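Everything on this sheet refers to the single structure shown next.
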Amino acid sequence: MHYTYILYSLKSKNFYCGYIENLQERFKLHQAGQVKSTSPFLPWKLVWYAAFENMRLAKDFEIYLKSGSGKAFAYKRLVHSEALKKDVGVVK
C-alpha cells in the first residue's frame, strides 16, 4: 500500500502533505527532524491519512491536496483546521 498523509505542526500551526509507501517509518523521520522541509516545525501530529493501491494514486492525491481546491477540500472535509489551530485537539 501507498499512503497520502497530512501532518499538523504544533509549533507553526501549519499543515504538511506528503505521500510514501511506509507511513510509520516516514512519520518517525519527520519527528526526528530528518526531513529537511519539516524539521524547523517540530513537533508534528499525524492528523489524516489514506491508503492507495499504488504509488501513482497516492502521488496524484497529494498533488491535488496541495492545489487551491485540494486545500479547501482538506480543510473542510479531512481535518478540522480551526479546531487544530486553536489546539483544541487533533481530529482524525
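No value in this document is a laboratory result; all are computed from the given coordinates. Being a predicted model, the structure only gives us computed values, none of them experimental. Positions of Cβ are generated from backbone atoms using ideal geometry, with glycine treated the same way; all protein chains shown enter the neighbour counts.
Tabulated data for the structure shown
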| read-out | value |
| --- | --- |
| All positions within the range 1-28 that are closer than 15 Å to Leu42 by Cα and aliphatic (A, V, I, L, M) | Ile6, Leu7, Leu10 |
| Residues being out of contact with any Phe, Trp or Tyr (no Cβ under 9 Å at 6 or more places or on another chain) and farther than 16 Å from His2 by Cα - total across the range 40-57 | 3 |
| Neighbours by Cβ (under 7 Å, 6+ apart or cross-chain): first from the range 46-75, farther than 22 Å from Ser9 by Cα; second buried (at least 17 other Cβ atoms within 10 Å of the Cβ) and among the polar types (S, T, N, Q) | Phe52/Thr4 |
| Flag for Ile20 being among the β-branched types (Val, Ile, Thr) and surrounded by fewer than 17 Cβ atoms within 10 Å (Cβ to Cβ) | no |
| Subset of the range 57-81 that is part of a helix (DSSP H, G or I) and among the polar types (S, T, N, Q) - its residue that is surrounded by the most Cβ atoms within 10 Å (Cβ to Cβ) | Ser81 |
